[in-house]
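Engineer: Please read through the structure below; I'll follow up with questions.
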Amino acid sequence: MTLNRRQFTQAAAALAAGGATPLVFAADTLKIGYVSPQTGPLAPFGEADKWVIDQMKTAFKDGIAVGGKKVAVQIVLKDSQSNPNRAGEVANDLILKEKVALVLTAGTPETANPVSDACELNELPCISSVVPWQPWFFGRKGDPAKGFNWTYHLFWGLEDVIANFTSGWKTVPTNKKVGGLFPNDGDGNAWGDKELGFPKPLSQMGFTLVDPGRFQNGTQDFSAQIAAFKKDGVEIVTGVVIPPDAKTFLTQARQQGLRPKIITLGKALLFPGAIDALGDLGDGLSTEVWWSPSHPFTSSLTKQSAKSLAEAYEAGAKKQWTQPIGFAHALFEVAADALSRAKSQQAADVRDAVAATSLATVVGPVKWGGQGPFRNVSKTPLVLGQWGKGKKYKHELTIVNNEAAPNIPVGGALRPMPA
């Protein structure tokens, strides 16, 4: 039998702890690693993490029982800096130096994929989220027949975002010409993929997609895309861009006379801070909604409803609620549930407990094997939302289409962009 680096380290620790104290290596503190973008252009995805982790420190203050043994819980947060290489490095630090029992990660393929890969390689359980399952699974060269051994994912898929976007678009009279903004990154390449992404289903539904090609994140000039959209009379703009690029595109589109009836962008328009930064350009923009105070779900850990969790965040962080709160919280719900069912802190026992999860969380039910396309993927519900001028905050997000998840209530209908 060959030992990987982790198993060798564990074996050495066990030998060193031998003799009169055979249980020394059953540590009294269990560490959970968490990797997300705290800085860089993807930082809005990690904005709520420190608040959620503080909440978890309270939830775990009395420790948890793992395999019949009470252990203290320590959460180690690492910043991916919005950089895939950095994400992989800090994941290795958590595994090899911090000796965590489990890794949690969220926030686009640029963070979740390299962290998941590091855990798969080092044979340590990992739960990831906030990446559509296609760029997470196929972006990591997953084999549908085999799946992965150590890494598990909860989120929705491109089929869900396509269904939500198009359900909304069909309620507004347009010429069905859609301009696509797909960058050269994990999300953009998946969304623009001819088989897995938007092109095929849009064509089948009678929409015409104008795709000017991939661009680099951080580009300062969208003139070529705007010119292509104007030439073809595009009335709907969609895509998946980072917040700074959305601001650049929307500002230049207005300056250059492109006034689509609908603008529905993934990723960039999720966050209230990004919408506020757009000023008047923010009104009427639409986006996917993975979690909101309207979601009819409750935390298995704190018993808070989605609404009360959002209100607690606003009171504690002194900021408007933001979608990643729900998924950061849910990752810890699943972690706590799995650890409490694990036979021991050994990696394989924790992994087996994660794989056997069937839990009602604040983002909806989580269950691997049967609630997704592959055994490593558990799908969560998705609806469509639109930003408008708010009452309590500058801009507020209203759910405007729930055809894909009727149990999540709508608060209005999709309206065209202001003229």
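Engineer: Test residue 246 against the stated conditions and say whether it is assigned to a helix (DSSP H, G or I), touching a residue at least 24 places away in the same chain (Cβ under 8 Å) and either under 19 Å from residue 110 (Cβ atoms) or in contact with a Ser or Thr (Cβ under 6 Å, 6 or more places away or on another chain) (or both).
Structural biologist: Criteria met by residue 246.
Engineer: Which residue out of 301, 281 is touching a helix residue (DSSP H, G or I) at 6+ places or on another chain (Cβ under 9 Å) and outside any loop (DSSP other than H, G, I, E, B)? Don't jump to the end; show me each part of the working.
Structural biologist: Working: 301 fails: outside any loop (DSSP other than H, G, I, E, B).
Answer to the check: 281.
Engineer: Then there's this: Tell me yes or no: at least one residue of segment 325-343 is in contact with a Lys or Arg (Cβ under 9 Å, 6 or more places away or on another chain) and more than 24 Å from residue 146 (Cα to Cα).
Structural biologist: no
Engineer: Here is a follow-up. Within the bounds of segment 262-276, is there any residue that is assigned to a helix (DSSP H, G or I), surrounded by 23 or more Cβ atoms within 10 Å (Cβ to Cβ), outside the structural domain of residue 107 (by TED's automatic domain parsing) and among the β-branched types (Val, Ile, Thr)?
Structural biologist: yes
Engineer: What number of residues within segment 364-393 are outside any strand (DSSP E or B), surrounded by 15 or more Cβ atoms within 10 Å (Cβ to Cβ) and in contact (Cβ under 8 Å) with a residue 24 or more places away in the chain?
Structural biologist: Selection size over segment 364-393: 10.
Engineer: A further question follows. It is to be established whether one or more residues within segment 213-227 are in contact (Cβ under 8 Å) with a residue 40 or more places away in the chain, buried (at least 22 other Cβ atoms within 10 Å of the Cβ) and closer than 30 Å to residue 365 by Cβ.
Structural biologist: no
Engineer: Then there is this: From the list 415, 341, exactly one residue is of a type in the set (Lys, Arg) and farther than 25 Å from residue 35 by Cα. Which is it? Steps first, please.
Structural biologist: On the way: 341 fails: farther than 25 Å from residue 35 by Cα.
It is 415.
Engineer: I want to confirm something. Restricting to segment 277-291 and keeping residues that are buried (at least 18 other Cβ atoms within 10 Å of the Cβ) and out of contact with any Phe, Trp or Tyr (no Cβ under 8 Å at 6 or more places or on another chain), which single residue is modelled with the highest pLDDT?
Structural biologist: If we take residues in segment 277-291 being buried (at least 18 other Cβ atoms within 10 Å of the Cβ) and out of contact with any Phe, Trp or Tyr (no Cβ under 8 Å at 6 or more places or on another chain), then 289 is modelled with the highest pLDDT.
Engineer: Could you tell me how many of the residues in segment 292-321 are of a type in the set (S, T, N, Q) and buried (at least 23 other Cβ atoms within 10 Å of the Cβ)? Step through it out loud before you land on a result.
Structural biologist: Quick first cut of segment 292-321, residues of a type in the set (S, T, N, Q) only: 292, 294, 298-300, 302, 304-305, 308, 320.
Pick out the ones that are also buried (at least 23 other Cβ atoms within 10 Å of the Cβ) and you get none.
So the count comes out to 0.
Engineer: Run residue 330 past the list (1) surrounded by fewer than 16 Cβ atoms within 10 Å (Cβ to Cβ); (2) part of a helix (DSSP H, G or I); (3) not charged (D, E, K, R) and report the number of the one that doesn't hold.
Structural biologist: Status for residue 330: all satisfied but (1).
Engineer: From the list 195, 235, exactly one residue is surrounded by 16 or more Cβ atoms within 10 Å (Cβ to Cβ) and either outside the structural domain of residue 133 (by TED's automatic domain parsing) or free of Cβ contacts under 8 Å to residues at least 24 places away in the same chain (or both). Which is it? Working first, answer last.
Structural biologist: Details: 195 fails: surrounded by 16 or more Cβ atoms within 10 Å (Cβ to Cβ).
Among 195, 235, only 235 is surrounded by 16 or more Cβ atoms within 10 Å (Cβ to Cβ) and either outside the structural domain of residue 133 (by TED's automatic domain parsing) or free of Cβ contacts under 8 Å to residues at least 24 places away in the same chain (or both).
Engineer: Now for a separate question. Condition first: in the same structural domain as residue 35 (by TED's automatic domain parsing) and more than 23 Å from residue 49 (Cβ to Cβ). Can you find one or more residues in segment 331-342 that meet it? Lay out the reasoning, then the answer.
Structural biologist: Pass one, segment 331-342, residues in the same structural domain as residue 35 (by TED's automatic domain parsing): 331-342.
Subset that is more than 23 Å from residue 49 (Cβ to Cβ): 341-342.
Yes, that holds for at least one residue.
Engineer: Residues that are more than 29 Å from residue 343 (Cβ to Cβ) and free of Cβ contacts under 8 Å to residues at least 60 places away in the same chain: find the strands (runs of 3 or more DSSP E) completely inside segment 33-130 holding 2 or more of those.
Structural biologist: On the way: elements: 64-66, 69-79, 102-106, 126-129.
Counting at least 2 such residues, we get no strands (runs of 3 or more DSSP E) at all.
Engineer: Is at least one residue of segment 97-108 out of contact with any His (no Cβ under 6 Å at 6 or more places or on another chain), modelled with pLDDT under 95 and not β-branched (Val, Ile, Thr)? Quick ask: steps written out before the conclusion?
Structural biologist: We begin by selecting, within segment 97-108, every residue out of contact with any His (no Cβ under 6 Å at 6 or more places or on another chain); these are 97-108.
So of that shortlist, the ones also modelled with pLDDT under 95 come out as 107-108.
In the following step, the residues that additionally are not β-branched (Val, Ile, Thr) were identified as 107.
Yes, because at least one residue in segment 97-108 is out of contact with any His (no Cβ under 6 Å at 6 or more places or on another chain), modelled with pLDDT under 95 and not β-branched (Val, Ile, Thr).
Engineer: Moving on. Checking residue 358 against (1) crowded, with 23+ Cβ neighbours inside 10 Å; (2) closer than 24 Å to residue 133 by Cβ; (3) among the polar types (S, T, N, Q); (4) touching a Lys or Arg at 6+ places or on another chain (Cβ under 9 Å): exactly one of these is not met. Which one?
Structural biologist: The single condition residue 358 does not satisfy is (1).
Engineer: Has segment 165-179 got at least one residue that is free of Cβ contacts under 8 Å to residues at least 24 places away in the same chain, closer than 27 Å to residue 383 by Cβ and not in a loop (DSSP other than H, G, I, E, B)?
Structural biologist: Within segment 165-179 (the criterion being free of Cβ contacts under 8 Å to residues at least 24 places away in the same chain, closer than 27 Å to residue 383 by Cβ and not in a loop (DSSP other than H, G, I, E, B)), the answer is no, since none of the residues qualifies.
The values are calculated or read from the model by the stated rules, or taken from the named source; none is laboratory data. Every value quoted in this text rests on a predicted model; they were computed, and no experiment measured them. When we count neighbours, we look across all protein chains shown, and the Cβ atoms used for this are built from the backbone with ideal geometry, even at glycine.
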